[in-house]
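Below is one structure, written out as structure tokens, with a few remarks after it.
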Amino acid sequence: EVQLLESGGGLVQPGGSLRLSCAASGFIFSNFAMSWVRQAPGKGLEWVSAISGSGGNTYFADSVKGRFTISRDNSKNTLYMQMNSLRAEDTAVYYCTKGLRSTDYCGQGTLVTVSS
Amino acid sequence: QSALTQPPSASGSPGQSVTISCTGTSSDVGAYNSVSWYQQHPGKAPKVMISEVRKRPSGVPDRFSGSKSGNTASLTVSGLQAEDEADYYCSSFADNNYVVFGGGTKLTVL
């Protein structure tokens, strides 16, 4: 059974940083690209970033480019997202998803609140 | 990259079928067989119901089916049940290694 468990969310001040993690199980982690998707309160889903299975290629939405980085540790079956220079508009529930071209599973999410 | 276009709402009676459309462009939906459909109940995490246009992840009832024609993808829910009432989002892989989402459709079971 595929499981994706996000952690690391919380309250952070504008301009601050946060690192999210996503622990994966139930599939061969290194064989699949992984993505982050977010949902602001009362809004729809927004793709944020993705990383190839090897970790050698990364992709970002324009809204976070230059502020967020994505990485993975295939020995730990874990996906990460480092979020810097956070803004109020980054407030959202962040979900990790399995895949990029083909997305078939989504985690339970972790809430990030950017506020003073 | 523009969002995919979905109708804001759809409805049907129990037992009926309902189809939700998702219109993109030749740079996303029309270019790749990489459309996913998510179901989201209020206050819950999204769940992928369809991937790669028409594939159902493990555990998804076969009442849910997907298709694509040109730049428009569709999700059909057959034999509507009360628990199908939820928000539905489509997404597609797009040029330049991007992913675009639709704005979501609220499905009401009458």
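Since every read-out is calculated from the coordinates, none of them should be taken as a lab result. Predicted model only: the values in this text are computed from it and were never measured. Cβ atoms come from the backbone with ideal geometry, glycine included; neighbour counts cover every protein chain shown.
So for the pair residue A:113, residue B:31, with labels modelled 7 Å out along Cα→Cβ, what separation do we get in nm?
That separation, rounded to one decimal, is 4.0 nm.
Counting other Cβ atoms within 10 Å, keep those with at most 16, restrict to DSSP loop, and tell me which trypsin sites (Lys or Arg not before Pro) in region A:59-97 are left.
A:65, A:67, A:76, A:87
Which Cα, out of A:100, A:75, A:115, lies furthest along the positive dipole direction of region A:71-116 (beta carbon charges, K/R +1, D/E -1)?
Selected residue: A:75.
Compute log10 of I(q)/I(0) for chain A with the Debye formula, placing one identical point scatterer on every Cα and leaving out solvent, at q = 0.10, 0.11, 0.18 Å⁻¹, to two decimals.
Rounded to two decimals, the profile gives -0.25, -0.31, -0.83.
Expressed as a whole number of Å, what is the distance separating the alpha-carbon centroids of region B:28-61 and region A:52-66?
Spelled out, the Cα-based centre of one part sits 22 Å from the other.
Starting from region B:40-93, pick out the GluC sites (Glu not before Pro) whose DSSP state is loop and whose Cβ has at most 14 other Cβ atoms within 10 Å.
Details: sites: B:52, B:83, B:85; in loops: B:52, B:85.
Those that pass, being in a loop and sparsely packed, number zero.
What is the distance, in nm, between label points placed 7 Å from the Cα along the Cα-to-Cβ direction at residue B:63 and at residue A:19?
Inter-label distance under the simple model: 4.4 nm.
Can you compute the modelled spin-label distance between residue A:28 and residue B:76, with each label point 7 Å from Cα toward Cβ, in nm?
If labels sit at residue A:28 and residue B:76, their model points lie 3.5 nm apart.
Can you tell me the relative contact order of chain B? Whole percent, Cα pairs under 8 Å, sequence separation 6 or more. Intermediate values should be presented prior to the final figure.
Details: 278 pairs, mean separation 41.7, N = 110.
Dividing the mean separation by the residue count of chain B yields 38 percent.
Based on the alpha-carbon gyration tensor of chain B, what equivalent-ellipsoid semi-axes (square roots of 5 times the eigenvalues) come out, in whole Å, largest first? Don't jump to the answer; show the numbers that get you there.
Numbers: eigenvalues 103, 35, 33 Å².
Output for chain B: semi-axes of 23, 13, 13 Å.
Pairwise over distinct Cα atoms, reciprocal of the mean inverse distance: report the Kirkwood radius of the protein assembly as shown in Å, one decimal place.
With all distinct Cα pairs of the protein assembly as shown included, I get 17.7 Å.
Residues with amide H under 5 Å of residue B:33's amide H, sequence separation 5 or more or different chain, H placed in the peptide plane at 1.01 Å from N; which?
For residue B:33, whose amide H was placed from the backbone, there are no distant partners under 5 Å.
So, with +1 on the Cβ of K and R and -1 on the Cβ of D and E, and no other charges, what is the size of the charge dipole of the protein assembly as shown about its Cα centre, to the nearest 20 debye?
On the way: 18 positive and 16 negative charges, 50 e Å.
My answer is approximately 240 debye.
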